[in-house]
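Reading through the structure tokens given below for one structure.
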Amino acid sequence: MKNKRFTKMLVRNLILMAIPLALIISAAFLSVSHMRKMDDAKVYDMEDIGAAEEFYTLGKVNVRLRISDLVYSGFDYISKDKKLGSYFYSFNNGRISLYLLDNDMSERVREAAEGTAFTVKFRIVKDELTAGYIVSEYAETLGLMEHTDGEASSIYVLDQLRFPEMWIRILKIVYYALIASLIMLGLYILIAFYRPQILKQARELKRFGNVKSVVADLDYEMKNKLLYQSDNIFVTDSYLIVAYVSRIDVVYLDDVKYMSKHEELKKNRLFGGKKKTYRLTLSNVEKMYFEMFIDDEQTIDDVAYYIQGEEEEKIYETDSRDEDEVSEEYDEASEDYDDSFDDLPEAYEASDEDGFPADYSYSGDGFPEEYDAGEDGWV
């Protein structure tokens, strides 16, 4: 890599373009990591249903609990005329605890044998109204008539339907996808360091031949046959190389047949006014067309000089007029052309009938007699 200047430019451009992408991925990764650490996206293990109030107070509302021997309350959860789940309860230490299970889990709990346990993820919801209504139906049966609502039941419902399963799963997928993206970006840069021909900018050199060979040729020319360099512009025996951050333009000089320099005044769209710049155009009708803009005239003259060399086949033209001058010259030429018709003799003015001058007349049967064709051609 030490003497491979063109390869270095390819890798440098890759790194410069990868830095913003890496920053964006890193920022997204940090954001997702922070969200995954929030209580709303974390799941805590709860050993006893009696700890529901404590977990809720601490903000640990997403819990994982092992349940068994639940009793169907006779109440279902219905939304828009569709049954989404059923309420179950357990009676422990003189208090009723409520659970809202989805249809699938409800069916499994009902069919399960006594003592069968299930590990279910819930979201702890404070719902005094629902808890009070359901408990009122069982107060007499369970001997809870003398207890207040708070003593007879827990006002915290373990709701399986509101557990943010999808949100937690999405955060997890995005989290690992961002990690994979950072790893792949790093591997791509590492591989490109040793095999630059895989880069998109390098693959564009395919029009000159085998990419690997062309890159090696450019490295060799920039090391041993460099004729001129000015900032990001390089001229070698065979190539013109103009390096930008987003791309590297390469012109094979043997393809260039015409070369021209133009001075232009470009308008500043932001601040107004005009700025002088120079455009160098390299072209070949059959193979290529290339142009670049440079503010310094000396630089563009030097580039043109080293491109042209001693070859006479490359036609070099210059044009220092701006658009206003060209337009003004064209208008003056048009006026002179129109005025020239005013000086025509009167004899050449066209008649209204056939377009010929008024004093022109024709008579006869065709060509004069001495021009009649004979047997062997014109006489």
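Any read-out appearing in this document is the output of simple, stated calculations on the displayed coordinates, not a laboratory observation. Keep in mind the model is a prediction, meaning the values are calculated, not measured. Cβ placement follows ideal geometry from the backbone for every residue including glycine, while neighbour counts extend to all protein chains displayed.
Take the Cα of residue 79, step 7 Å toward its Cβ, do the same at residue 227, and the gap between the two points is 7.5 nm.
Computing Rg and the Kirkwood Rh from the Cα coordinates of region 189-306 gives a ratio, Rg/Rh, of 1.01.
Using the Cβ-Cβ distance between residue 31 and residue 165 with R0 set to 25 Å, the FRET efficiency from 1/(1 + (r/R0)^6) comes to roughly 0.75.
Inter-label distance, residue 237 to residue 19: 3.6 nm, where each label sits 7 Å from its Cα along the C-beta direction.
With the Cα gyration tensor of region 57-145 giving a ≥ b ≥ c as the square roots of its eigenvalues, does the rule (a/c under 1.5 for rounded; else a/b larger than b/c for prolate; else oblate) give rounded, prolate or oblate? Rounded, since a/c falls under 1.5. Note on residue 210 and residue 276: the model spin-label points, each 7 Å out from Cα along the C-beta direction, lie 4.9 nm apart. The residue among 73, 52, 35 whose Cα reaches farthest toward the positive pole of the charge dipole of region 34-87, with charges on the beta-carbon of Lys, Arg, Asp and Glu, is 35.
Give, as a single signed number, the net charge of other residues whose beta carbon lies under 12 Å from the beta carbon of residue 242, with Lys and Arg counted +1 and Asp and Glu -1. Please list the in-between numbers first.
Details: positive: 247; negative: 231, 249, 291.
Overall, the nearby charge balance is -2.
With a cut-off of 14 Å on the backbone N, the residues of region 284-300 near the modelled label site 7 Å out from residue 257 along Cα-Cβ are 284-290.
At a 10 angstrom cut-off on C-beta neighbours, averaged per residue, how do the peptides 154-165, 19-30, 55-66 rank from highest to lowest? Could you put the intermediate results ahead of the total?
On the way: 154-165: 19.8, 19-30: 12.7, 55-66: 17.0.
Highest-to-lowest ranking by the protection proxy: 154-165, 55-66, 19-30.
Would you mind getting me the FRET efficiency between residue 194 and residue 45? Use the beta-carbon distance for r and R0 = 51 Å, nearest 0.05. Computed FRET efficiency for residue 194 and residue 45 comes out at 0.60. Converting the Cα gyration tensor eigenvalues of region 1-83 into ellipsoid dimensions via √(5λ) gives semi-axes, longest first, of 55, 17, 12 Å. Gain on full extension, evaluated as 0.36 nm per residue between residue 302 and residue 121 minus their Cα-Cα distance, stands at 57.7 nm. Could you give the Stokes-Einstein D for region 145-241 in µm² per second, using the C-alpha Kirkwood radius, 25 °C, 0.890 mPa s? Answer, rounded: 126 µm²/s. Using the structure shown, select from 42/83; 37/60; 223/261 the pairs with a Cα to Cα distance greater than 21 angstrom. Result: 42/83; 223/261 exceed 21 Å.
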